[in-house]
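Take a look at the structure below.
The values are calculated or read from the model by the stated rules, or taken from the named source; none is laboratory data. Small disclaimer: the values here were computed from a predicted structure and weren't measured. Every residue, glycine as well, gets a Cβ built from its backbone with ideal geometry; the counts of neighbours run over all protein chains shown.
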């Protein structure tokens with residue numbers, strides 16, 4: 001979990017504690033029978049607080065994209081309120097056999113949900129109407145323009161790109177989409193002081209000794225100097241394809257070279273794979289019967305997929321399509337794919353069809369977390385049409401991943417390009433804590449049936 005996520009979790013904990021105290025002050029004067037004793041009240045309150053923090057995280061209230069949608073904030077906050085109040089009620093009843101009553105539960109749920117939603121709504125208002133951090137781009141061209149558009153158009157960004165220094169942007173970008181050119185790169189110190197610039201984002205690799213000296217002086221003067229990729233990752237949680245540089249690759253290689261991270265990730269993969277296969281074993285008799293009764297054909301289905309380093313392996317799944325389909329055919333899936341059987345559609349929505357993937361994880365061909373493995377034929381097409389697509393094979397493919405919880409499945413080249421931006425973020429930022437983050441958030445994605453096809 002990132003530092004930002006931990007700060008949000010701490011805020012949620014304080015909110016939940018305050019909400020429990022407020023709910024108690026509202027209930028007890030009018031409902032004296034709700035008094036349950038210090039020990040029961042303490043344990044019950046702890047259950048409410050911990051459940052509120054965990055469910056806020058699982059339902060995605062830490063995700064910046066949710067903060068910009070009022071309806072999503074309210075709906076998910078109601079889920080947090082209900083589950084946390086029920087957790088407190090069940091804990092107290094389970095330990096002391098004391099019925100809490102409906103009124104305290106309703107009041108607790110309402111107060112917790114209102115507090116969680118209120119803080120998020122206030123933060124959304126701050127993002128939309130509060131002051132923005134002025135950013136100056138060191139560089140020009142199409143990459144600089146698209147970077148500026150990504151930052152300025154993001155409703156959850158607290159930054160605003162005011163212009164660029166360096167070579168003047170080419171005219172073919174069009175007058176409406178021009179990034180203001182504020183001067184030559186050697187005037188960057190003067191421009192930052194005059195414009196009140198708080199941050200400089202470097203686009204590209206074209207820096208010389210003088211550029212490094214000027215940027216170093218700015219950093220010492222209190223102006224934050226960063227790369228466009230780092231700022232894009234902070235704001236959008238992805239890496240736009242046209243700002244992928246050699247520095248990105250070198251940083252990614254350094255992270256991939258860590259033997260400790262690789263070993264811990266493998267141990268986590270083995271543990272989750274064994275647990276997943278055990279759950280699949282318990283469900284197998286019922287699943288086998290349902291699949292066989294629904295359509296003729298084998299229970300399992302396998303297909304060639306592209307793994308780490310471009311190696312091809314066979315991915316194993318539960319069959320969800322009719323046997324009249326060519327198993328060797330490789331094509332895009334669609335939301336209402338006519339090839340999918342009735343039971344298959346349910347299995348896909350719940351992602352139960354992917355449980356045999358844990359066998360691939362056990363064999364070391366996949367990881368639990370990583371970019372979804374692509375079909376070789378489609379991968380070759382995408383490598384020709386989407387820059388940097390092959391970089392996602394720097395890591396093992398996964399059952400779930402950063403792109404899966406943010407964008408779901410891809411049904412076109414455009415979708416694949418968007419997913420690639422998220423996959424590149426994962427390749428660059430991968431860590432054990434990020435993997436745990438993705439696994440936890442996948443739980444909500446599965447329950448909400450998001451991204452299934």
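The residues on offer are 48, 78, and the sole one that is crowded, with 17+ Cβ neighbours inside 10 Å, in the same structural domain as residue 22 (by TED's automatic domain parsing), closer than 13 Å to residue 12 by Cα and at pLDDT 90 or above is 48.
Scanning the stretch 51-75 for residues that are farther than 21 Å from residue 436 by Cβ, buried (at least 17 other Cβ atoms within 10 Å of the Cβ) and modelled with pLDDT of 75 or more yields 72, 73.
The condition (being within 20 Å of the chain's Cα centre (by Cα), outside the structural domain of residue 211 (by TED's automatic domain parsing) and assigned to a helix (DSSP H, G or I)) is satisfied by just one residue among 107, 53: 53. Can you find a residue in the stretch 281-289 that is surrounded by 12 or more Cβ atoms within 10 Å (Cβ to Cβ) and in contact with a strand residue (DSSP E or B) (Cβ under 7 Å, 6 or more places away or on another chain)? There is at least one residue in the stretch 281-289 that is surrounded by 12 or more Cβ atoms within 10 Å (Cβ to Cβ) and in contact with a strand residue (DSSP E or B) (Cβ under 7 Å, 6 or more places away or on another chain). Filtering the stretch 190-214 to residues that are under 25 Å from residue 157 (Cα atoms) and surrounded by 12 or more Cβ atoms within 10 Å (Cβ to Cβ) leaves 191, 192, 193, 195, 197, 198, 199, 200, 201, 202, 203, 204.
Taken over the stretch 90-104, the criterion of being within 14 Å of residue 41 (Cα to Cα) and in a helix (DSSP H, G or I) is satisfied by 90, 91, 92, 93, 94, 95, 96, 104. Remark: residue 85 matches the filter, which requires a residue to be in contact with a helix residue (DSSP H, G or I) (Cβ under 6 Å, 6 or more places away or on another chain) and surrounded by 14 or more Cβ atoms within 10 Å (Cβ to Cβ). For the stretch 259-269, state whether one or more residues are surrounded by 18 or more Cβ atoms within 10 Å (Cβ to Cβ), under 30 Å from residue 377 (Cα atoms) and over 23 Å from the mean Cα position of the chain (by Cα). There is no residue in the stretch 259-269 that is surrounded by 18 or more Cβ atoms within 10 Å (Cβ to Cβ), under 30 Å from residue 377 (Cα atoms) and over 23 Å from the mean Cα position of the chain (by Cα).
Residue check: is residue 71 over 30 Å from residue 203 (Cβ atoms) and part of a helix (DSSP H, G or I)? Considered against the rule, which asks whether it is over 30 Å from residue 203 (Cβ atoms) and part of a helix (DSSP H, G or I), residue 71 comes out as yes.
At least 2 residues being out of contact with any helix residue (DSSP H, G or I) (no Cβ under 8 Å at 6 or more places or on another chain) is the threshold, and among the strands (runs of 3 or more DSSP E) wholly inside the stretch 175-282 those reaching it are 224-227. Applying the condition of being modelled with pLDDT of 85 or more and out of contact with any strand residue (DSSP E or B) (no Cβ under 7 Å at 6 or more places or on another chain) to the stretch 215-229 and asking which residue is surrounded by the most Cβ atoms within 10 Å (Cβ to Cβ) yields 217. Listed by position, the helices (runs of 4 or more DSSP H) inside the stretch 341-443 whose residues that are at pLDDT below 90 and surrounded by fewer than 24 Cβ atoms within 10 Å (Cβ to Cβ) number at least 1 are 342-350, 376-385, 402-407, 413-429. Among the residues here, residue 103 does not qualify as closer than 17 Å to residue 406 by Cα and modelled with pLDDT of 75 or more.
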